[in-house]
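Q: Following this message is one structure expressed as structure tokens.
Each value in this text was obtained by applying a stated rule to the coordinates, not by laboratory testing. Computed from a predicted model, the values in this text were never measured in an experiment.
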Amino acid sequence: MATTQPQASAPAASRGINGLALPALIASFFIGFLGIVLGHLSLEQIRATGDSGRGLAIAALAVGYVTVCLTGLALVMYFAIAASRLG
């Protein structure tokens with residue numbers, strides 16, 4: 001009696017990394033708002049198509065929001081120091 005060996009199934013075809021995820025991460029270091037917008041668009045596309053790159057998109061959002069907050073804080077400090085020197 002011959003026994004049959006279970007055959008390994010081929011791995012599911014994985015989709016590539018979303019085309020906006022990496023540019024979103026790179027942009028978020030320099031232009032926070034652009035990184036945030038691209039990160040949200042990337043997440044939306046990833047949900048719709050099943051692409052990979054969700055971690056990159058989330059990292060882009062985190063870095064983008066931190067960049068925007070730090071830029072805003074720097075501007076507030078700049079204007080506060082400038083106003084204190086005038087008056």
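Q: Subtract the Cα-Cα distance of ALA74 and THR49 from 0.36 nm times their separation in residues, and report this length gain in nm to one decimal.
A: 5.1 nm
Q: Could you go through segment 61-74 in sequence order and give the Karplus-derived ³J(HN,Hα) for each residue, using 6.51 cos²θ - 1.76 cosθ + 1.60 with θ = phi - 60°, rounded to whole Hz, and x for Gly and Pro?
A: Calculated HN-Hα couplings, in order: 5, 4, 5, x, 5, 5, 4, 5, 5, 5, 5, x, 5, 5 Hz.
Q: Next up: Provide the convex hull volume over Cα atoms per residue for the chain, in Å³.
A: 91
Q: Still on this structure, I have one more. Can you give the angle from 0 to 90° between the axis of helix 21-30 and the longest principal axis of the chain, with both taken from C-alpha atoms, to the nearest 10?
A: 20
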